[in-house]
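Remarks on the structure that follows.
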Amino acid sequence: MKLLGNLIWFVFGGWAIALEYIAAGLAMCITIIGIPFGLQCFKLAMTSVFPFGNTVEKSEHSGALSFLMNLIWICIGGFWIALTHLLLGAIFCCTIVGIPFGIQHFKLTRLAFFPFGKAF
């Protein structure tokens, strides 16, 4: 089921979401200060390509720095990314067939809002 879900996800928009994350990651990696944020974009891109079967857990190394980085992340665009996933999840959940895809978008909403301190 994971393979079929991931295949359908990829064909109907997963590649576009991953491409957006990769473009944002490359833009953020231009400066030295933006490299940690760019790396998180690359991790989010890999998760958004094939979200079915991926689990995200709290990292052992989460702490004050992760909290600070998440606050900066929210200010530079994480809020809008999370809002996009939230709206796409709500749209997908309007149909019975789209519910599994909506649930994956809700998972990505949580991850896009607070990516630091998570183990992908």
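A few points about this structure:
- Helix 64-73 axis versus longest C-alpha principal axis of the chain: approximately 70°, rounded to the nearest ten.
- On Cα atoms only, tilt of 15-28 relative to the major axis of the chain in degrees: 10 degrees
- Between 0 and 90°, nearest 10: helix 79-92 axis offset from the chain longest Cα axis: 10 degrees
- Paramagnetic label zone (point 7 Å from Cα along Cα-to-C-beta, Thr84; backbone N under 11 Å) in region 12-31: 16-25
- Cβ-Cβ FRET estimate between Ile76 and Thr55, R0 fixed at 35 Å, reported to 0.05: 0.85
- All-pairs alpha carbon distance profile, the chain, 10 Å steps from 0, percent: 14, 46, 31, 9, 0
- Rounded to the nearest 20 debye, the dipole size of the chain about its Cα centre is 140 debye, using +1 on the Cβ of Lys and Arg and -1 on the Cβ of Asp and Glu.
- Rounded to the nearest 500, the 222 nm mean residue ellipticity of the chain from helices alone is -20000 deg cm²/dmol, with -39,500 (n - 2.57) taken per DSSP H run of at least 4 residues.
- Take the Cα of Leu19, step 7 Å toward its Cβ, do the same at Met46, and the gap between the two points is 2.2 nm.
Taken together, the values in this text are just the output of simple stated rules run on the coordinates, not laboratory data. Values in this document were obtained by computation on a predicted structure and should not be read as measured data. Cβ coordinates were reconstructed from backbone atoms using ideal geometry, including for glycine residues, and neighbour counts include every protein chain displayed.
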